[in-house]
Amino acid sequence: MKYLIEIFCLICICAMSIIAQKPVEPTKEQFVEVPREIILPTIAVQPGCPLQFEKVVVLDGVGGGGITSYKLRNIGTKPIRRFTVANSFGSVFTWQMNSGELVMPGQLVPQLEDNRRETVPLTDELRKKLGMKNSMRGMVVFMVVNIEFSDGTKYNDEKTFKAMQGLFDDLDEAMNQYKRRVTNRP
């Protein structure tokens, strides 16, 4: 009998500790919007391109790293089945609708909700921590690489994209050579 009472008490204690625990919310990754005078987001001019970038921003991670954020709108006359967009930071994103779904003319591309991220205000303290001085550090160019429409036709600007990649690679290499020369001066 004593044994049964001890087991019962142990079960009650375990049950109460489980009930008393609060659910742990996952911590959100924090980002700040990088001011345009520090990194300039630029949208490539692409005549005839039926996807339009809207609300483009560059976000710097408080804990490190960075991402870009934008919306895309179909400003063309044909429904879109899939597309690839890219930027000069090297990010390439291919998006495909679920079976039977399309991005219709005038419609924004549906976005996934990401509850793991939040944008926080850029304070003087965060500006200092992230090394955001009052001078431009660079720019990022956004462009559409290709699009596949519902009728099977395509829009393709890969040639321009590859040329842009080559330009930014050359600029990066030239900057690295310059830094090496400056740091190796007697």
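The values are calculated or read from the model by the stated rules, or taken from the named source; none is laboratory data. None of the values given here were measured: they were computed from a predicted structure. Cβ atoms come from the backbone with ideal geometry, glycine included; neighbour counts cover every protein chain shown. Ligands, DNA and RNA are stripped out before the accessible areas are found, and what is left, the full protein with its side chains, is counted by its heavy atoms. Shrake-Rupley method; radii C 1.70, N 1.55, O 1.52, S 1.80 Å.
Counting only residues at least eight positions apart within a chain, or on another chain, the lysines with an alpha carbon under 19 Å from that of K71 are K55. For region 52-186, taking the reciprocal of the average inverse distance between every pair of different Cα atoms yields a Kirkwood hydrodynamic radius of 17.8 Å. Figure note: L108, L167, L51 ranked by solvent-accessible area, largest first, 1.4 Å probe, ligands and nucleic acids not counted: L167, L108, L51. With only Cα atoms counted, region 30-120 has Rg and Dmax values of 14.5, 42 Å. Among the protein heavy atoms, those of K133 account for about 150 Å² of accessible surface (1.4 Å probe, every chain in place).
Which length gain, in nm to one decimal place, applies between E37 and K159 when the Cα-Cα distance is subtracted from 0.36 nm times their residue separation?
Computed gain between E37 and K159 is 41.0 nm.
With R₀ fixed at 30 Å, the C-beta to C-beta distance from Q111 to E173 puts the FRET efficiency at about 0.30.
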